[in-house]
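Engineer: My structure is below; once you've seen it, I'll send some questions.
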Amino acid sequence: MHSTEFFTFLTAQATDVGRVRTVNEDSFLSRPESGLWVVADGMGGHAAGDFASQTIVRELYSVGLPGSADDFQARFMERLGRANDQILDHSAELNQGTIGATLVALLVAGQDYACIWSGDSRIYRLRAGELEQQTRDHTEVQALLDAGSITPEEAETWPRKNVITRAIGVSPSPECDVMGGRLALGDRFLLCSDGLTGHVSDAEIAEILADPSPQAACDQLIALTLERGARDNVTVIVLYCMAPPAPQIDDSEFDMDVLE
C-alpha cells in the first residue's frame, strides 16, 4: 500500500510459468512509491525473451520520483530507449533471430495517469462497474479488424491471431502508443500479459476485479488461466485507487483548557 496527496494505491501482483512453457519470459515491476507499474512479455526463447523483459524492468526501476507528468514520461522513455539498445545488442550477439518483449506500463503523477504500450500486453480499467480496455493491441489481427477486413467473430479463430506488429528491442528506437486520463476514486486497473487474455474474457475480468482484495483478484485470475490450460506464461498486476489517509491533527498546535 502506498499513499499520496490524492490517493492510496493498493497493489498486488502474480506470475506463473503456465502449463506448457518451461521458462517464464514475463517480468513485472511494481513501484507504487514512484507511480509506476510495468508488465513485459519476452519473446525469443530462453536467454532471449527473458533477457529482453528483465532488461526493460531493470532499466525502468531507476525512474525515480518525477517532478511532473511530462517529466515522468520523458524519464520513462529515456530508460526504455536504453533497454531497447541493450536488447538489440544482445540479439546481434546471439544471432538467433529477432528477440524482444511487449511492454505495458501505467504511470501515475498526481491525479493523472498514462498508459504506455508496445505489443499485445494490456491495461484494463474498471470504473463504476464498467470495464474498459485502455490499450489497443499492436497485432496483425487488430489491424485487420480496424480496417474492416475481418469480423470480430473471424478474429477469434484467425490463424495469425498472435502475430504482433510492435515490441521493444525489434526496431532502432521504441515504438509505443500513449493514452491517458484523470484518475477517480475507486478506479481499479489490471496490467497483464497476453497469457491471461488468451484464456479469460473481459466479463470475467470485470467480475474478478470487483473483489475487495487486489491480491485475491490476482490469485483468481492466475488460477482461472491455469484451469484453462495456460498455454503461455501469465502475469498480472492489480491496483486499486482508494482515498488517501485522513490528515493527522497535531495536538501540540492547540492550547487545551483543563476542566476542573
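The values are calculated or read from the model by the stated rules, or taken from the named source; none is laboratory data. Only a predicted model underlies this, so the values are computations on that prediction, with no experimental measurement involved. Positions of Cβ are generated from backbone atoms using ideal geometry, with glycine treated the same way; all protein chains shown enter the neighbour counts.
Engineer: When region 64-82 is examined, which residues are found to be surrounded by fewer than 22 Cβ atoms within 10 Å (Cβ to Cβ) and either part of a loop (DSSP other than H, G, I, E, B) or among the hydrophobic types (A, V, I, L, M, F, W, C) (or both)?
Structural biologist: Going through region 64-82, the residues surrounded by fewer than 22 Cβ atoms within 10 Å (Cβ to Cβ) turn out to be 64-71, 73-75, 77-79, 81-82.
Answer for region 64-82, where residues must be surrounded by fewer than 22 Cβ atoms within 10 Å (Cβ to Cβ) and either part of a loop (DSSP other than H, G, I, E, B) or among the hydrophobic types (A, V, I, L, M, F, W, C) (or both): Gly64, Leu65, Pro66, Gly67, Ser68, Ala69, Ala74, Met77.
Engineer: Write out, first by first residue and then by second, each pair whose Cβ atoms fall under 8 Å of each other, whose residues are 6+ apart or on separate chains, and whose first residue, in region 32-45, is free of Cβ contacts under 8 Å to residues at least 40 places away in the same chain while the second is part of a strand (DSSP E or B).
Structural biologist: Glu33/His2
Engineer: Filter region 225-260 down to the residues that are of a type in the set (D, E, K, R) and either surrounded by 13 or more Cβ atoms within 10 Å (Cβ to Cβ) or at pLDDT 95 or above (or both) and list them by number.
Structural biologist: Within region 225-260, Glu227, Arg228, Arg231, Asp232 meet the criteria.
Engineer: Of all residues in region 137-170, which are polar (S, T, N, Q) and over 23 Å from the mean Cα position of the chain (by Cα)?
Structural biologist: Once the filter is applied, which keeps residues that are polar (S, T, N, Q) and over 23 Å from the mean Cα position of the chain (by Cα), region 137-170 yields Ser149, Thr151, Thr157.
Engineer: How many residues does region 24-50 contain that are outside any strand (DSSP E or B) and of a type in the set (A, V, I, L, M, F, W, C)?
Structural biologist: Residues in region 24-50 being outside any strand (DSSP E or B) and of a type in the set (A, V, I, L, M, F, W, C): 2 in total.
Engineer: Return the residues of region 101-160 that are of a type in the set (Val, Ile, Thr) and more than 26 Å from Asp71 (Cβ to Cβ); say none if nothing qualifies. Before you say what the answer is, go through the steps one by one.
Structural biologist: Taking region 101-160 first, the residues of a type in the set (Val, Ile, Thr) are 102, 104, 108, 116, 123, 135, 139, 141, 150-151, 157.
Hits for region 101-160 are Thr139, Val141, Ile150, Thr151, Thr157.
Engineer: Taking into account only those residues within region 1-23 that are assigned to a strand (DSSP E or B) and in contact with an Asp or Glu (Cβ under 7 Å, 6 or more places away or on another chain), which is farthest from Tyr240 (Cα to Cα)?
Structural biologist: Thr15
Engineer: Restricting to strands (runs of 3 or more DSSP E) lying wholly in region 88-182: which have 1 or more residues that are in contact (Cβ under 8 Å) with a residue 40 or more places away in the chain, surrounded by fewer than 20 Cβ atoms within 10 Å (Cβ to Cβ) and among the polar types (S, T, N, Q)?
Structural biologist: In region 88-182, the matching strands (runs of 3 or more DSSP E) lie at 130-133.
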